[in-house]
1. List the number of the failed condition for Asp36; all other conditions in (1) modelled with pLDDT of 95 or more; (2) of a type in the set (D, E, K, R); (3) over 16 Å from Val78 (Cβ atoms) hold.
2. Considering only residues that are surrounded by fewer than 19 Cβ atoms within 10 Å (Cβ to Cβ), in contact (Cβ under 8 Å) with a residue 12 or more places away in the chain and under 14 Å from Glu63 (Cα atoms), which ones fall in segment 160-184?
3. Does segment 161-184 contain at least one residue that is closer than 16 Å to Ala99 by Cβ, part of a helix (DSSP H, G or I) and of a type outside the set (Asp, Glu)?
4. Would it be correct to say that Phe151 is among the hydrophobic types (A, V, I, L, M, F, W, C), more than 19 Å from Ala55 (Cα to Cα), outside any strand (DSSP E or B) and modelled with pLDDT of 95 or more?
Amino acid sequence: MTTNEQIIIDSAMSFSDAIEGSPAPLEVIDALSMVDVAYYSFDGLRHSGQILVDARLEDDIYEIFQLIEKLKFPLGRVVPIVAYRWDDGDSMADNNTSAFNFRVIEGTNKISLHAFGRAVDINPVQNPVIYPTGIIAPEGAKYQPSRPGTFGAKHPVVEEFRRLGWHWGGHFDQPKDYHHFEKT
């Protein structure tokens, strides 16, 4: 990066702004860390955003996002989900990359790893979740691994997540959750 390169700021929240209105218990909030990241978006320009994760995963996230930036792997946005009123569907439809969201797994009563900042969703529009019934979320998304911003099993970002001990939703039996990475 040259010092003259302009960066577009997609998110510059304070930590308190990023957790505003979350129903998460204090012990979960206290275990989170806000990570500032730089990335290239689909406009070809360099952007900055923020992601809330479990503080113990902060180094992994820095390393992965450095690789994403180096590869110029395009990301739609990286904005804490509070900007979407804690609505995962709205965040996904806007192609937002996010992590912490105190919620259950869609269609269950089970707490999601997102509720603890231990799961990250990247580019949901390019990397949708595909349910066994054929329903695809977000609505209108298509999984085409050859498109920019899309993951396949051998993608360097997927391989880096796996090297660091994360699981990729593209390897799940059902549903196929191509935007999802988690570390227990």
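1. Asp36 satisfies every listed condition except (3).
2. Hits for segment 160-184 are Glu160, Leu164, Gly165.
3. Taking every residue of segment 161-184 in turn, at least one turns out to be closer than 16 Å to Ala99 by Cβ, part of a helix (DSSP H, G or I) and of a type outside the set (Asp, Glu).
4. Yes, satisfied.
Let's see how each residue does on (1) over 20 Å from Tyr178 (Cβ atoms); (2) surrounded by 13 or more Cβ atoms within 10 Å (Cβ to Cβ):
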| site | (1), (2) |
| --- | --- |
| Gln6 | yes, no |
| His47 | yes, yes |
| Leu75 | no, yes |
| Ala83 | yes, yes |
| Asn95 | no, yes |
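The values are calculated or read from the model by the stated rules, or taken from the named source; none is laboratory data. Quick caveat: nothing in here was measured; it's all calculated off a predicted structure. In this analysis, Cβ positions are derived from the backbone assuming ideal geometry, glycine residues included, and neighbour counts consider all displayed protein chains.
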